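The values are calculated or read from the model by the stated rules, or taken from the named source; none is laboratory data. Just so you know, these numbers come straight off a predicted model, no measurement behind them. Heads up, the Cβs are rebuilt from the backbone with ideal geometry, glycines too, and the neighbour counts pull from every protein chain shown.
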Amino acid sequence: MSSTLFDNPRLLADIGGTYARFALEVAPGVFEHPVSLRCADYVDFYAAVKAYLAGLPTTPLDHIKNAAVAIANPVSGDEVRMTNYHWQFSIEQMRERLQFDHLVVVNDFTALAMALPNLMPHQRRQVGGGSPVMRSVVGLIGAGSGLGVSGLIPANDGWVALGTEGGHTSFSPHDEREVAILQLAVLSTRFV
């Protein structure tokens, strides 16, 4: 491994409604110590981070100064209140409490969208007919504790990731087929 080490490792986290996943980036694209923790086992985000850090081997590189968190939640401003879980925190207060120089928090699907341009051709799959149009709008959708949605818009030499919460919408049927889907959904929730 010939990658240059960072002065300090970077903490990366993916926080969902069920699991909090952590890893350290010790060099560009080099990740170590991946761990998944059940959110239900920790009273709050801080407790989960501290548990992860406490489980790391002690080396001179263990002083983490920078962290990035992708969270299954809208992120706007300093206050984070999870939609599908009870954790909430101030980004700035959490940065200070954890003694980080920088703490970046973004929506989880915004983070995924930002990673899409780095996919290699063999990591992509064609969905639907037609031919891909290079440097056009890209959509991203996926299921987790909720429905995640994001996208990319080409801009200059890069991309702009969209922060969205597409799963937090209502369903308004427009035809008989969609009404039948709504009736089935309502019926199925009565037996859960």
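Any idea which residue in segment 169-192 is farthest from SER76 (Cα to Cα), counting only those that are part of a loop (DSSP other than H, G, I, E, B) and either modelled with pLDDT of 80 or more or in contact with a Pro (Cβ under 8 Å, 6 or more places away or on another chain) (or both)? Break it down into steps so the answer makes sense when it comes.
Within segment 169-192, the subset part of a loop (DSSP other than H, G, I, E, B) is 169-175, 190-192.
When the remaining residues are screened for being either modelled with pLDDT of 80 or more or in contact with a Pro (Cβ under 8 Å, 6 or more places away or on another chain) (or both), the result is 173-175.
Details: PRO173: 30, HIS174: 32, ASP175: 35 Å.
Across segment 169-192, the extreme among qualifying residues is ASP175.
Any chance segment 98-110 includes a residue that's part of a helix (DSSP H, G or I), in contact with a strand residue (DSSP E or B) (Cβ under 9 Å, 6 or more places away or on another chain) and of a type in the set (Asp, Glu)?
Filtering segment 98-110 down to residues part of a helix (DSSP H, G or I) leaves 98, 108-110.
Adding the requirement that they be in contact with a strand residue (DSSP E or B) (Cβ under 9 Å, 6 or more places away or on another chain) leaves 98, 108-110.
After this cut, where a residue has to be of a type in the set (Asp, Glu) as well, the list is 108.
Yes, some residue in segment 98-110 is part of a helix (DSSP H, G or I), in contact with a strand residue (DSSP E or B) (Cβ under 9 Å, 6 or more places away or on another chain) and of a type in the set (Asp, Glu).
Surrounded by 15 or more Cβ atoms within 10 Å (Cβ to Cβ) and on the phi < 0 side of the Ramachandran plot: does that describe ALA70? Write out each step before concluding.
On the way: surrounded by 15 or more Cβ atoms within 10 Å (Cβ to Cβ): yes; on the phi < 0 side of the Ramachandran plot: yes.
Here the answer is yes, as ALA70 does meet what is asked.
Which residues, taken from segment 83-129, are surrounded by fewer than 10 Cβ atoms within 10 Å (Cβ to Cβ) and under 16 Å from ILE64 (Cβ atoms)?
If we filter segment 83-129 for residues that are surrounded by fewer than 10 Cβ atoms within 10 Å (Cβ to Cβ), which is where we start, we get 99, 118-123, 125-129.
Correct list: GLN99 only.
Could we say that LEU11 is closer than 16 Å to ILE64 by Cα, at pLDDT 95 or above, in contact with a helix residue (DSSP H, G or I) (Cβ under 8 Å, 6 or more places away or on another chain) and surrounded by 14 or more Cβ atoms within 10 Å (Cβ to Cβ) here?
Working: closer than 16 Å to ILE64 by Cα: yes; at pLDDT 95 or above: yes; in contact with a helix residue (DSSP H, G or I) (Cβ under 8 Å, 6 or more places away or on another chain): yes; surrounded by 14 or more Cβ atoms within 10 Å (Cβ to Cβ): yes.
So LEU11 fits the description; yes.
For segment 72-92, give me each residue that is modelled with pLDDT of 90 or more, touching an Asp or Glu at 6+ places or on another chain (Cβ under 6 Å) and either within 25 Å of ALA27 (Cβ to Cβ) or not hydrophobic (A, V, I, L, M, F, W, C) (or both).
ASP78, SER90, GLU92 - these are the residues of segment 72-92 that are modelled with pLDDT of 90 or more, touching an Asp or Glu at 6+ places or on another chain (Cβ under 6 Å) and either within 25 Å of ALA27 (Cβ to Cβ) or not hydrophobic (A, V, I, L, M, F, W, C) (or both).
Would you confirm, using the coordinates I've provided, whether VAL43 is buried (at least 19 other Cβ atoms within 10 Å of the Cβ) and either of a type in the set (A, V, I, L, M) or under 29 Å from PRO154 (Cα atoms) (or both)?
On the way: buried (at least 19 other Cβ atoms within 10 Å of the Cβ): no; either of a type in the set (A, V, I, L, M) or under 29 Å from PRO154 (Cα atoms) (or both): yes.
Judged against the criteria, VAL43 is not a match.
Working only within segment 133-164, note down all residues that are in a loop (DSSP other than H, G, I, E, B) and either modelled with pLDDT of 80 or more or of a type in the set (D, E, K, R) (or both).
As a first pass, look at segment 133-164 and keep what is in a loop (DSSP other than H, G, I, E, B): 133-137, 144-146, 156-157, 164.
Scanning segment 133-164 gives VAL133, MET134, ARG135, SER136, VAL137, ASN156, ASP157.
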